[in-house]
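Down below is the structure, laid out as structure tokens.
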Amino acid sequence: MKAPRPFLLILGGLAVMGVLRTTTALFFPDSESDPSTFVSSAQAAGGTEKPMPVPAALANPAPAMVCETPEEMLQAMNEERELLDTQKARLAEQQSEIELAREKLGIEQNRLTDLKSEVETLLETVKRAQTDDLDRLVALYSSMKPKEAAAILDDMDIETSVLVLATMPERDAAPILAALNKVRARAISRIILERSKLPGDQRLNGLKL
């Protein structure tokens, strides 16, 4: 009865392993042999060895990197250039608007400066005219007799009366003030005294005219 083929192969492998071990021990006493190597060889000879696993890197190769074509790169560069040109044009437009606004502001400032000069000149002219008119009025009342001047000032508004008597020299104002109505004379004297003070310090409440 014949033994099965695998059994015979195993026996043959063991016999070869023994011979190799004896040879190794004789010629290479310092080396060690692994019996599993021979068993693996026997199994390979008998066709019982399992196939070696395939590495993952070989089983699933990485996808190749996609490179842009020259046409795509040229198109991207053109789009980038157009975007830069658009931004440059927008900045130039904004700069022009700023320059125009600055120019208008300068013109307006010059106009306001000229207007201020005109107003100051006009106020100076009016002030000078008022001063001249007041001086003329004071000269007229000074040339009158005190009783005549007092009779007119008694019926005049209190502001004008105070202004005329306060501007008039003391030697001319004193006789006119003495000829005025006593109540009005006291009121004018009180106003002349208080008008040099600050508005909060003036005491004109209850003043009889």
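With a requirement of 1 or more residues that are surrounded by 13 or more Cβ atoms within 10 Å (Cβ to Cβ) and under 60 Å from the mean Cα position of the chain (by Cα), the helices (runs of 4 or more DSSP H) lying completely within region 118-192 that satisfy it span 158-167. When region 193-206 is limited to residues that are surrounded by 10 or more Cβ atoms within 10 Å (Cβ to Cβ) and at pLDDT 65 or above, the one that is nearest to L163 (Cα to Cα) turns out to be R195.
The values are calculated or read from the model by the stated rules, or taken from the named source; none is laboratory data. Quick caveat: nothing in here was measured; it's all calculated off a predicted structure. Cβ coordinates were reconstructed from backbone atoms using ideal geometry, including for glycine residues, and neighbour counts include every protein chain displayed.
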